[in-house]
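Participant: Would you mind keeping the following structure in view while I ask a few things?
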Amino acid sequence: MAGQHRRSTARILATATAALTVAALAGCAGGSGGVNSDYGFATADQEDGSTITVWVDAAREPVAKAFEEANPDVPISIETYDGNAGGSGSFQTKVALFDQSGEGWPDVVFSTQTNDASWAAKETNGVQAFAAPLNKGYFSDDFLAGFTDGANDPMTVDGSVYGLRNDLAPVVLWYNQKLLDEFGYEIPTTWEEYEAMGEKLAAEHPGYILGSIGDSFVGTYVYYWGAQAPIFALDGNTFSSDFDDPYSVAMTEMLDSMAANGSLVQDSVFSAPFVENYSDKIVAMPGPAWYAGALFQNPDSVNAEPGTFGAADPLYWEGEDEVTGNVGGGVWYASSHSKNLAAVETFLEFATSSEESAELNSGLPAYDEAASTWLDGQAASGFFAGDFKAAVQKASGSVWGGWGFPSFSPETAYAAVVVPALAEGKTIADVVPEWQEQILNEAQVQGYTVE
Amino acid sequence: MLAFTKNGAFVGIDNFVKVFADYRFWPAVQHVALFVAIWLVSLTLLVVLLALLVHAIRVRWLSSVSRFLFYIPGALAGASSVMLWLFLLDPAVSPVAGILQLFGFETFVQTVSIDNLPVIFTLIAFWAGAGGWIIIMYGALNNIPVEVMEAARIDGAGPIGTAWHIQIPLMRKWISYMAVMSLAAGTQLFVEPRVLSQASKGVVPPDYSLNQLAYLFAFRQNDFNGSAAISLLLLVVAAGLSALFVFRGGLFERE
C-alpha cells in the first residue's frame, strides 16, 4: 500500500517536472523570438491606439498630466508609485512579478534612481529585458544627440541606451544671501572653508545650520561622492568600497566634527521638523540642483522668499580636482513589451524635451534645449540670488566619475547603519566598519566580486 | 519542489546551504523568534485576563460595549492599520508624543530603532488581533456549565480561585488553539516591517523578517529557488512548534 502510494507520488513529481521543462522551453523560445530590425529588439505585436500605462512618482505626475492634455488622441493611464525612491527596489520587484506572469508590464516607467539599467537591461529567467534599447532604430539619433553629453551614460550598456535621463542632478552649494550678509560670512568654496564656517557658526550663531546628514542620499551622494571618496566603486564586475582612502577619511572626520558642533543636523530635509525648525536657519547647504524646485520654491517645504537663496559652485578639497557629486536625476524607461511603441515614443519625447516639461521640471533637464529653457526661466524669474545659471552649468560639467552604478543602491546601507547610529548619538567613524561590511555584503548578494 | 532545484535541475540541499550562508538569514531568524516569543506570551496573558474580566462584568450593556470596542481595531486590516501606526510612532505628529518622549524618543528614527521593533510589532499585532480572540475566549467561558461555577462558589472559591482552578483549565484547548493560529501568523511577519521600512526610508531594514528575505530573494535577486527554501524552513519550524502546542494543549483530546 505504502509502496504504491510512493510510486504514484513519484509519477506526479515526474509529470510536474516534465510540464515545467516544457513551460521553460516555451518561455525561452518566446524570449528569443525574431528581432524587429526597425527597433533592434523583439517587439510585441503592436496595437495602434491601445492605452499606454505610465508609472510616475508624485513629482512627475504633472508632466504626465500635461501630456494627456496636449495629446488627447493618445490614450494614457497614469499610475503613481514611490518612484523607486531611496533604493526601495519597487520598480524591480514589480517588474519581476510581471515577468513571472508574462503580462501586465507598464509601457513607461519613471525611476528616481540612475542604476536600474544594471538589471532592466538584462534578460532574467528567460524573459526579455524589460527596458527597450532606444538607439538601435527606435528613437532618432537626432533626438538622442540632444541630451547633455554623458547624461545617458549610466543607462548605457555595451553601446545600447536603455533609458532617457529626465534631469541632471549635480551637487551645488546652496546659500542664504541674507544670512551671510547679516553674519558677515563669505560663501565657502572648499570643504575646508565649509568646515571652518561650521565651527564659527556654532560658536557665534548656534541653531543655524549648514545642512543635514539624516538623509541617505545626502550622506552618500552629496558628501562622499562630492569628496571623491571611493566607497562605492565598480570596475567591470568587481565592486570595492574603500573607507581608508584619504578622501574617505577626511570626509568622515569633517561630517563627525560638524555633526558634533551642531552645524549639521539629523532631520531629513523632507521631514516636517526640518521644514519647521530650519527653513530660515539654513546658512549654506550642499545639495543637488533639484533642491531648487523640491525645497526652496516648494510651498510645502522651505518656501523661501525670492532673492534669499542662491546656488554657488560646488565645494571641493583645497588644491584638488574641482569635482562634485550627483544625486540621482530621474530616468525614463520604455518597456520592450509595449504594444504601442509609437505612443511611448511620443510620450518620452514630450516628457524629456518639450517646453512644458522644462517648465514643470523641478531640476535641471538633461535635454540641452530644455535645460536652457529651464535655466533662462530660473534666471528671468529672479528667484535665486547670484549667478545661478553659471553655478549649475559648472556643476553639471564636473561630476566625479569614480562613483559606481551597480544593481543596488548605496542608500540602503547608509539608512540601515549610519542613520540609526547617529540617532543613538554615535559618530560615523564609530560605525564605518559596520557600514562598509553592509555595503560589501549587499554587493556580494547581488553577485559582484568583492575586493 | 522549487526549494530543491536550480534552473530545473535537482541540486539537493544547495539552496538551503546558500540561504544559511546569506548574511541576512540569521539576523532575520533572531528578529522573528524574538517577536514571536514576546507576542505569544503577551497575547496569551492579556487575552485570557481581559476575557475573564469582561466575563465577570455583570452589567449587561457594559459587557457588550466593551466586547464591541475590543473588536473594532480588528476590522482595520493589515497595511492600513500600519499606516495608522506610522502616525502614532512619529513624535512629530503623534497624538501620544508625550508617551514616546517619556521613553526618550525624540524622532521617528529613534522610535523605530531595531531594538524597539519586536515591541512595536507586538503592539500593532495585539491591537489588531486581540479583540477577536477576546470574543472567542468569552464564548469559551460561556460554555462552562453554570453548575460547575456555582459548585465552585459554594465551595468558597473567589473570582481568582474560580479563574485559576476552573475557568483557565477548561479554556486550555482554546488557548492552545489561539497559540497555534497566532504562531502561524507571527512567523509570517511581513506587512508591518515592509511598510515601516518604506516609511522610514530604509532605517527599518528591508530584510528584517524571514518572509521579507524570501521576498527579496524572489523579486530582487530573481532567485525563486532560494526563496522557496526559506519558505519551506519557515513551514517546518512553524509546524514543529504548532505540534508542540497541539499535544501540550490537548487540542484533539476528547473527554
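Laboratory data are not the source of any read-out in this text; all were calculated from the coordinates shown. Quantities reported herein were computed from a predicted structural model and do not represent experimental measurements. Cβ sites come from the backbone with ideal geometry, for glycine too, and all protein chains shown count toward neighbours.
Participant: Just how far, in whole angstrom, is the range B:71-131 from the range A:284-305 if you go by their alpha carbon centroids?
Facilitator: So the separation of the two Cα centres works out to 31 Å.
Participant: Under 13 Å from a point placed 7 Å out from the Cα of A:GLU434 along the Cα-to-Cβ direction: which residues of the range B:96-115 have their backbone N that close?
Facilitator: B:113-115
Participant: Consider all pairwise Cα distances in the range B:1-131 and report the whole-number % of them above 22 Å.
Facilitator: Numbers: 4979 of 8515 pairs.
Summing the P(r) of the range B:1-131 above 22 Å gives 58 percent of all pairs.
Participant: Just need log10 I(q)/I(0) for the range A:88-216 at q = 0.18 Å⁻¹, Debye formula, equal scatterers on the alpha-carbon atoms, no solvent, rounded to two decimals.
Facilitator: For the requested q values the scattering log ratios are -0.97.
Participant: Okay, next question. Could you give the nm distance between label points at A:GLU318 and A:ASP141, where each point is 7 Å from its Cα heading toward the beta carbon?
Facilitator: 5.0
Participant: Can you pull the mean other chain C-beta count within 10 Å for peptide B:88-100? Mind dumping the intermediate values first?
Facilitator: Working: counts 0, 0, 3, 1, 6, 2, 0, 0, 0, 0, 0, 0, 0.
If you average over the peptide's residues, the count of other-chain Cβ atoms is 1.
Participant: Given the rule -39500 (n - 2.57) for each run of at least 4 DSSP H residues, summed and divided by the residues of chain A, what is its mean residue ellipticity at 222 nm, to the nearest 500 deg cm²/dmol?
Facilitator: Numbers: 16 runs with 173 residues, N = 451.
So the helix-based figure for chain A works out to -11500 deg cm²/dmol.
Participant: Within 10 Å of each Cβ of B:192-203, how many other protein chain Cβ atoms are there on average?
Facilitator: Numbers: counts 0, 0, 0, 0, 0, 5, 5, 0, 6, 16, 14, 10.
Mean partner-chain Cβ count within 10 Å for B:192-203: 5.
Participant: Okay, moving on. Given a cut-off of under 8 Å on Cα pairs at least six residues apart, what relative contact order in percent is computed for chain A? Working shown, then result.
Facilitator: Working: 824 pairs, mean separation 105.0, N = 451.
Value for chain A: 23 percent.
Participant: Assuming 0.890 mPa s and 25 °C, estimate D for the range A:168-269 with Stokes-Einstein, Rh taken as the Kirkwood radius over Cα pairs, in µm²/s. Write out the running numbers ahead of the final one.
Facilitator: On the way: Rh = 14.7 Å.
Here the translational diffusion coefficient equals 167 µm²/s.
Participant: Let me know the volume per residue of the alpha-carbon convex hull for the range A:243-351, in Å³. Each step should come with its number before you reach the end.
Facilitator: Working: hull volume 22.2 nm³, N = 109.
Measuring per residue, one finds 203 Å³ for the Cα hull of the range A:243-351.
Participant: Using the C-alpha atoms of chain B, what convex hull volume per residue, in cubic angstrom, is computed? All intermediate terms of the calculation are to be shown ahead of the outcome.
Facilitator: Working: hull volume 38.9 nm³, N = 255.
Considering the Cα atoms of chain B, their hull volume per residue is 152 Å³.
Participant: Okay, moving on. Quick one: if you stick a label point 7 Å off each Cα along the C-beta vector at B:GLN101 and A:ASP280, how many nm between them?
Facilitator: It is 2.2 nm.
Participant: Using alpha carbons only, what's the Rg to Rh ratio of chain A with Rh from Kirkwood?
Facilitator: On the way: Rg = 24.2 Å, Rh = 23.6 Å.
Result for chain A is an Rg/Rh of 1.03.
Participant: Here's something else I'd like to know. Name the residues whose placed amide hydrogens come within less than 5 Å of the amide hydrogen of B:ALA92, ignoring near sequence neighbours (fewer than 5 apart) on the same chain.
Facilitator: Residues meeting the amide H criterion: B:PHE108.
Participant: List the residues whose amide H sits under 5 Å from the amide H of A:SER212, counting only those 5 or more places along or on another chain, with H placed 1.01 Å from N in the peptide plane.
Facilitator: A:VAL265
Participant: When DSSP assigns beta bridges and you keep just the ones with both residues in the protein assembly as shown, what percent turn out antiparallel, to the nearest 5? Numbers along the way, then the final one.
Facilitator: On the way: 29 of 43 bridges.
DSSP beta bridges in the protein assembly as shown are roughly 65 percent antiparallel.
Participant: Moving on to the next point. What is the packing order of peptides A:77-84, A:333-340, A:371-378, taking the mean over residues of other C-beta atoms within 10 Å and listing the highest first? List each step's numbers first, then the result.
Facilitator: Numbers: A:77-84: 17.1, A:333-340: 23.4, A:371-378: 19.0.
So the order, starting with the most tightly packed, is A:333-340, A:371-378, A:77-84.
Participant: Moving on to the next point. What average count of beta carbons from other chains do you get within 10 Å of the Cβ of residues in A:118-126?
Facilitator: Working: counts 0, 3, 0, 0, 1, 0, 2, 4, 1.
Mean partner-chain Cβ count within 10 Å for A:118-126: 1.
Participant: For A:PHE217, B:PHE16, what ranking results if the residue with the fewest other Cβ atoms within 10 Å of its Cβ goes first?
Facilitator: B:PHE16, A:PHE217
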